[in-house]
1. Size of the stretch B:10-120 along its principal axes in angstrom, Cα-based, largest extent first?
2. Given a Förster radius of 51 Å and the C-beta distance between A:Val335 and B:Glu213 as r, what FRET efficiency does 1/(1 + (r/R0)^6) yield to the nearest 0.05?
3. For a 25 Å ceiling on Cα separation, which of these pairs sit above it: B:Lys228/B:Lys262; A:Lys269/A:Lys351; A:Lys111/B:Lys115; A:Lys77/B:Lys256; B:Lys132/B:Lys228?
4. By per-residue mean of other Cβ atoms within 10 Å, what is the highest-first order of B:151-159, A:117-125, A:57-65?
5. In peptide B:116-128, what is the residue-averaged number of other protein chain Cβ atoms found within 10 Å of each Cβ?
6. Would you mind computing, in nm to one decimal, how far apart the modelled labels at A:Lys81 and A:Thr354 are, each placed 7 Å from Cα along Cα→Cβ?
7. Might you tell me the accessible area per residue for the stretch A:251-371, computed with a 1.4 Å probe and given in Å²?
8. Report, as an integer, the average count of C-beta atoms from other chains found within 10 Å of each Cβ along B:226-239.
Amino acid sequence: MNVQEYQGKELFKSYGIPVQDQIVVTRAADAREAAEKLGGFVVVKAQVLVGGRGKAGGVKLAKTPEEAEQRASDILKLTIKGIPVEKVLIVPAAEIRKEYYLSLTMDRTSKSLILIVSAEGGVDIEELAVNEPEKIKRIPISIDTGVDTATIMPHLKEVFGTDELAAEALDTVQKLFKLYTEKDCSLLEINPYAIVDDGHLMALDSKVNFDDNALFKHDDIQKMKNPEEDSADEAVAKEAGLSFVSMDGDIGCMVNGAGLAMATMDIIKLYGGEPANFLDVGGSSNPDKVVTAMQIITGNPKVKSILINIFGGITRCDDIANGLLTAMKRIDIQVPMVVRLIGTNEVEGRKILTDAGFEVASGLSEAVEKVVKIA
Amino acid sequence: MSILIDENTHVLVQGITGRDGSFHTRQMVADGTKIVAGVTPKKGGQDLDGIPIYNSVAESMQKHKVDATVIFVPPPFANAAVREAADAGVPLIVCITEHVPVNEMLSTYHYVKSKGSRMIGPNCPGLISPGKSKIGIMPARITRPGSIGVISRSGTLTYEVVYALSEEGMGQSTCIGIGGDPIVGSGYIDLLELFENDPETSAVVVIGEIGGEDEEAAADYIKNSMTKPVAAFISGRTAPPGRRMGHAGAIISGGKGTPEAKVKAFQDAGVPVADKPDEIPALLRARLS
């Protein structure tokens, strides 16, 4: 789960990481009032969950409250990468002396948390990593023993130049670590982490991601969820414990297992078709999930045919078959379906479906070929 | 031979009384696995079809020789279950549970290593040495004894490949699903090494997916350290960047984890990459002849 910049900064603030005063508004008129409160000279920033908003015109300087209102009005009309801007953040326009980059995430390869820091802030760190990797420091931090000052300080001194700034950065790193572990984050990024007018370091932006698997532990974080993070379909799917991503094609897919679901999409494409979605009905056997899955798939008007591909392991084919029959009773499915059922309890599952008049395939290539043909 | 498990492996089931735990315990028994005991807190003294149930792993190990444990407990308790097994000294810990909190698992990963145990998973289908033993949830009837080793990040996709191999008469020495999470106990390289050293394994199939750089590292290892033929399949070639495709680990982000990079890494290592799972047997056969 991701949150907006302003939400990330609120979290930073609650952990004692320096951030600017900020006001979030949804109406241009409120932007004027917010700008007045913040001293008149402000930055108006679109709050969207995608990157590249600066390039899209979503971040503007305003010298007066009137100008702030105008800028907010412009930005609230924008759609950035398909997402309409519904909120803008107003912050004082800081005089930035120097920008740095600071982030904490997990490194799968070294099985460790990793602090990434660079004196080249404000830029696209991924581009920098490719073009000038020597300008980025990657410092492992143990999730068990935490920030080791003796290891980290020399790196921070090198990047930030003075003892005072390095000490400020260390304090922020320690607080980031606390936030990361206490709230089960998967990414904390400050870009830019900047020296402002008063000579101190401050987080001028935030990117905060949480581990979805750990959200059950954190009611406060769940409340920060932005509905626009998922499409309406994806939200319904998530609620039902399904993993769903919508795509642009016309062949609806219901598959068990993420790897097989991806492979099924790949093979559909290989046979000249276009998948309408990724949908993993998950590893457990719950007929209700099948009903919800079918509702989501058939709710997409673009879908011309449906491929159900089940390779039963922990999922039982008879449960899937029963769920499918229940779904057929509850919803009117107009598009043709190809069902491929194999694995745990497949004999029982196939019998249920063939008794109900379904055509059941056993080969994946054969099933995909059929569904592409009828789409 | 096979790797990690065989007909002499004594297996414990943690979470034996749950819906999935009891169902798959019965399946494992039917598939020939020696299940010696189960654990469910507060249900000690009961039994499942005659398999004794204990309150803790340590208690079960006082009564039984345990070589491996398989974990079916719900996600909030999975890390504690793995640690309990490591504390009790179980050599092989197979965690089937999915949706396990990742930061906790990162810590658990190091804990298990420090205790000298080996972990497979979490979020994995387990492993099977066909005709000998099965730990986990793979449908045994699609497997057959033989000499092909299979390593996969995915569950059901593994079945797809194993099914294709069996249909073509290519049996398996051991099939392992390593799990789809960012942190898993055993990776490709750990297991490639075991297969390379297993006299009964003649060739290996690696089934990867988008996200991370583990496939690239595996390709490097194969290039430098493997003498046995390897074939690969990568899923997620149609996945859009930035979207998590079900598995917590399956996401293309920051230009890393792309299918193109993985396919190229394997091809550069002399490993043919199949477009469809059912092409794997022919690719292997060409390399074995």
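1. Largest to smallest, the principal-axis extents are 37, 28, 27 Å.
2. The calculated FRET efficiency here is 0.80.
3. As for pairs spanning more than 25 Å Cα to Cα, those are A:Lys269/A:Lys351; A:Lys77/B:Lys256.
4. So the peptides B:151-159, A:117-125, A:57-65, ranked by packing, come out B:151-159, A:117-125, A:57-65.
5. 1
6. Simple spin-label model gives 4.9 nm for this pair.
7. 33
8. Taking the mean over all residues of the peptide, I get 4.
The values are calculated or read from the model by the stated rules, or taken from the named source; none is laboratory data. Since the model is a prediction, treat every value here as computed from it, not as a measurement. Ideal geometry is used to build each Cβ from the backbone, glycine not excepted, and the neighbour counts take in all protein chains shown. Heads up: the accessible areas ignore ligands, DNA and RNA and are worked out on the full protein's heavy atoms, side chains in. Shrake-Rupley method; radii C 1.70, N 1.55, O 1.52, S 1.80 Å.
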